[in-house]
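See structure below.
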Amino acid sequence: MKNTLYDMSLIAGTMAISMWLGLDVDRVLLIAILSWLLYSIRMIRELIGILKDVSEKVVYLICLAMKNGKTCGSTAFRVRRTERGIVVECVDCKTKHEVNKDY
Ligand SMILES: [Zn+2]
């Protein structure tokens, strides 16, 4: 989970610097969303690595979705195959991560 902590602090740092530079709220949000997307892609890639080894329908990971300012922290996910690819859904907060076939 070292990478995760590193990513989180990177996002927090980016946001702090953006605000310090006096960027308006929209820009800061945009930067936050972009960082989050990059972060999600990395998370999904890690997930796929695990998926390859696991044939069960439930994969155990830690959900990092933000909920009321805290990370969800749930460790159970449902994995479904759809025509658009693989969808993993956090059992607790129902956050869905869609995984394209390109990955
Ligand atoms: Zn969750």
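The values are calculated or read from the model by the stated rules, or taken from the named source; none is laboratory data. What you see is a predicted model, and the numbers here were worked out from it, not measured in a lab. Cβ atoms come from the backbone with ideal geometry, glycine included; neighbour counts cover every protein chain shown.
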Original post:
Restricting attention to the stretch 56-73, does a residue exist that is modelled with pLDDT under 75 and away from the ligand (no atom under 16 Å from the Cβ)?
Top reply: yes
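Return yes or no: is Y103 within 14 Å of the ligand (Cβ to nearest atom), surrounded by fewer than 13 Cβ atoms within 10 Å (Cβ to Cβ) and at pLDDT below 70? Reasoning before the result, please.
Values: within 14 Å of the ligand (Cβ to nearest atom): no; surrounded by fewer than 13 Cβ atoms within 10 Å (Cβ to Cβ): yes; at pLDDT below 70: yes.
Here the answer is no, as Y103 does not meet what is asked.
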